[in-house]
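Below is one structure, written out as structure tokens; comments come after it.
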Amino acid sequence: MSNEGRGILLIVSAPSGAGKTTLVEKLVALMPGLKMSRSYTSRRAREGETDGVDYNFVARRQFETMVAGGEFLEWADVFGNLYGTSAGDTEHLLTAGHDVVLVIDVQGARQVRRRGLDAVTVFVMPPSSAILEQRLRGRSKDTEEAIQRRLTVAREEVASFSEYDFIVINDELVGAVDRLRGIVLAERARLARMSGVAGDIVRTFE
Ligand code: 5GP
């Protein structure tokens, strides 16, 4: 089947603290045509976050109503808060020809795969557990307990790397963004996307 005209669905997962948000923000800034999906969440906005920009912040009950209504492409409970990707918003962007990146956890990525959607999946890994711990301690005012909880979840998550199509090790930001960009460029060059254009070129030889 030809995918021409339809955008690419890119999924990026990583343990908390691996730097995936910064990485994807840089990627989106570099690549016209690639948009970051805005998730819904039941958690409260943190200082500096804006509703409708960082997330769509909704009450837990509203989130549950959306789950019951089948409005999510995927959703998950992450550290006690609910997070989900709107199926409608995502489909709308893909149909309009935008490439869409979902920054979602391992559980969410599994749901998208189970739905049989055509997605390109990337797992971002920190170079080591010690470096992840260092980053978690450096970046936040999290309690020791919260840091330990994130590390325990990270241990489980990194073990899921083999479910993904691509692995990017976030050892250094510029290089990691470059590798991620390379994945998107390669996907855009696939035969299924390019056969129409290639056919037009062939016809200029006739
Ligand atoms: P935070 O609360 O720090 O913004 O995000 C916590 C975690 O929730 C991150 O690991 C992030 O990948 C995950 N997350 C954010 N949005 C979604 C979503 O729409 N679906 C899923 N499954 N996970 C999400």
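Every read-out reported here was derived from the displayed coordinates using simple, explicitly stated rules and does not represent laboratory data. Just so we're clear, the structure is a prediction, and the values are computed from it rather than from any experiment. Note that each Cβ is placed from the backbone with ideal geometry, even for glycine, and that neighbours are counted across all protein chains shown.
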Handout entry: Sole exception among (1) under 30 Å from N3 (Cβ atoms); (2) within 15 Å of the ligand (Cβ to nearest atom) for F79, by number
Key = (1)
Completion exercise
E74 vs (1) under 27 Å from R179 (Cα atoms); (2) out of contact with any Gly (no Cβ under 7 Å at 6 or more places or on another chain); (3) acidic (D, E); (4) free of Cβ contacts under 8 Å to residues at least 60 places away in the same chain: all pass except (2)
Handout entry: Subset of segment 95-119 that is away from the ligand (no atom under 16 Å from the Cβ) and under 20 Å from D165 (Cα atoms) - its residue that is surrounded by the fewest Cβ atoms within 10 Å (Cβ to Cβ)
Key = G116
Completion exercise
By my count, helices (runs of 4 or more DSSP H) wholly in segment 1-102 with at least 1 residues that are aliphatic (A, V, I, L, M) and closer than 27 Å to R149 by Cα are 20-30, 60-68
Handout entry: R61 vs. criteria without any contact (Cβ under 8 Å) to a residue 12 or more places away in the chain and either more than 14 Å from the ligand (Cβ to nearest atom) or within 24 Å of I183 (Cβ to Cβ) (or both)
Key = yes
Handout entry: Elements of type helices (runs of 4 or more DSSP H) in segment 103-163, at least 2 residues being within 18 Å of F79 (Cα to Cα) and over 21 Å from the mean Cα position of the chain (by Cα)
Key = 129-139, 144-158
Practice task
Go through segment 1-20 and count every residue that is surrounded by 14 or more Cβ atoms within 10 Å (Cβ to Cβ) and either away from the ligand (no atom under 12 Å from the Cβ) or of a type outside the set (A, V, I, L, M, F, W, C) (or both).
Solution key: 12
